[in-house]
Amino acid sequence: MTVALLRRDTPADRPTRNGLRELLLAELGSELFSSMSRRDQRTKGMVYLRGLLEAEGRKSIRNIAALFGGDAIEQSLHHFITSSTWDWAPVRRALAQYVERVAQPHAYVVHPMVIPKAGDTSVGVERRFVPALGQVVNAQQAVGVWAATHEWSSPLNWRLQLSPRWLSDAGQRRLASIPDDEVPESLAQCSVRACQELLTKSRLPVRPVVMDAREADVPAVVARLRASDTPMMLRVDGALRLAVDEPVFPRRGVAVTAQQIMSTVWHMRRPVRRAGEEPGLRSPVVTVRVMLSGSSPAPEPGRRPERAAGSMLLMGVAEGGRWPAELWLTDLTTLGIGELRHLTRLARRVEHDLADVAQQVGIRDFTGRSFAGWHRHATLASAAHAVAMLSGRTGRALPTAV
């Protein structure tokens, strides 16, 4: 049985939210925990999942256990999350395949998540500058990959960014049980790897990846995503240097900054247009065909027809009287402006649902030390998010800002 989740039923024929949640818990739970050979582990998994949805306040193991019996349950759940032998990878794969089957996302959105911490023992925690906050905080840094449409989003995979300080200290590494194959990564490297893990390990359809790459080495990100034949929509900084590949553009083929390209478009008083696009800079979105420095415009055999090797689009978005308010780089060169703009808005969808749903089911609430414990908690919190989202929060589109 697969519960039909996304059609807009009337109140008369729609089950109650609690009733639908119970159906989802039963259906998803049986798939999530099928990789666990022991019945007691499957039972604890369902207890923890239900606790993330129902416990009041912080979703600590203690608060979850309080719903089901107190101290004995707390010890049992603590062992289940931090010290048990179950592997979170097949549980995430089952979650991803379930969400794909019942909801058919439009894209995967890569989104960083800062987890403030008071102490220094949680795996990966350290003092770090967070550009989004404009300050240094003591925190873990994680990256989530979310399935998303305009009306909902749900996290499917997570990576912790681990610094050389954590990975070069053998004692600290041993205490946190960090696997030997974990290596230091930049946030961008962590983001791309999280995405590639999701696609390869969960065997999901290829969909566009939406990612904020303003602080990243964009050519390296593009190269890695192209190597796995993954279409991309990257938010980029105005300082990124690109070569314009449009016949009517002055200095065609000369590398200039993305900001300079869009300023030139403005002064030309009409966008550099692709076939079929409406003229006039009154439009809030303009695209220009570009190439990264050193890219070849020649097509590669086997490329999907909507994407060409080398050739990309730089998209400027006006908002609040600013031009450009946003800059995006994509290799989806045959999609219309409306389709491209829809993809960029999915980043706001994820920001909204991280605060409105994921935070409420405890995605930041794990307090243990271990690498495996963090990943097990994040996996089950992602499943709780999917249940909460799909049982009562679908069909709520974000307002469209320009």
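Need at least 2 residues that are within 20 Å of the chain's Cα centre (by Cα) and among the hydrophobic types (A, V, I, L, M, F, W, C) per element, so show me which strands (runs of 3 or more DSSP E) inside region 165-252 make the cut, counting only ones lying wholly within it. Walk me through how you get there before you give the answer.
Details: elements: 209-212, 232-235, 241-244.
Because the criterion is at least 2 residues that are within 20 Å of the chain's Cα centre (by Cα) and among the hydrophobic types (A, V, I, L, M, F, W, C), the strands (runs of 3 or more DSSP E) in region 165-252 that meet it are 209-212, 232-235.
Just for region 18-38: of the residues that are assigned to a helix (DSSP H, G or I) and exposed (fewer than 12 other Cβ atoms within 10 Å of the Cβ), which one is modelled with the lowest pLDDT? Walk me through it before giving the result.
In the first step, residues of region 18-38 are kept if they are assigned to a helix (DSSP H, G or I); the result is 18-35.
In the following step, the residues that additionally are exposed (fewer than 12 other Cβ atoms within 10 Å of the Cβ) were identified as 18-19.
Details: N18: 76, G19: 81.
Here the answer is N18.
Working only within region 150-164, note down all residues that are in contact (Cβ under 8 Å) with a residue 40 or more places away in the chain and open to solvent by 10 Å² or more (accessible area, probe 1.4 Å). Break it down stepwise before answering.
Let us first name the residues in region 150-164 that are in contact (Cβ under 8 Å) with a residue 40 or more places away in the chain, namely 150-158, 160.
Passing the criteria: H150, E151, N157.
Among the candidates V286, V272, V265, V236, single out the residue that is of a type outside the set (D, E, K, R), at pLDDT 90 or above and surrounded by 14 or more Cβ atoms within 10 Å (Cβ to Cβ). Spell out how you get there, then give the answer.
Working: V286 fails: at pLDDT 90 or above; V272 fails: at pLDDT 90 or above; V265 fails: at pLDDT 90 or above.
Step by step, each of V286, V272, V265, V236 is checked, and only V236 is of a type outside the set (D, E, K, R), at pLDDT 90 or above and surrounded by 14 or more Cβ atoms within 10 Å (Cβ to Cβ).
Output the qualifying pairs, or none if there are none: Cβ atoms under 6 angstrom, residues six or more apart or on different chains, first residue in region 339-363 and under 20 Å from Y48 (Cα atoms), second residue open to solvent by 20 Å² or more (accessible area, probe 1.4 Å) and modelled with pLDDT under 95.
none
Please work out if Q104 is among the polar types (S, T, N, Q) and surrounded by 15 or more Cβ atoms within 10 Å (Cβ to Cβ). Explain how you work it out, then say what you get.
Working: among the polar types (S, T, N, Q): yes; surrounded by 15 or more Cβ atoms within 10 Å (Cβ to Cβ): no.
No: the conditions fail for Q104.
The values are calculated or read from the model by the stated rules, or taken from the named source; none is laboratory data. Because the structure is predicted, anything quoted here is derived from the model rather than measured. Glycine also receives a Cβ, built like all others from the backbone with ideal geometry; neighbour counts cover every protein chain displayed. For the accessible areas, the whole protein counts, side chains as well, though only heavy atoms, and no ligand, DNA or RNA atoms are used. Shrake-Rupley method; radii C 1.70, N 1.55, O 1.52, S 1.80 Å.
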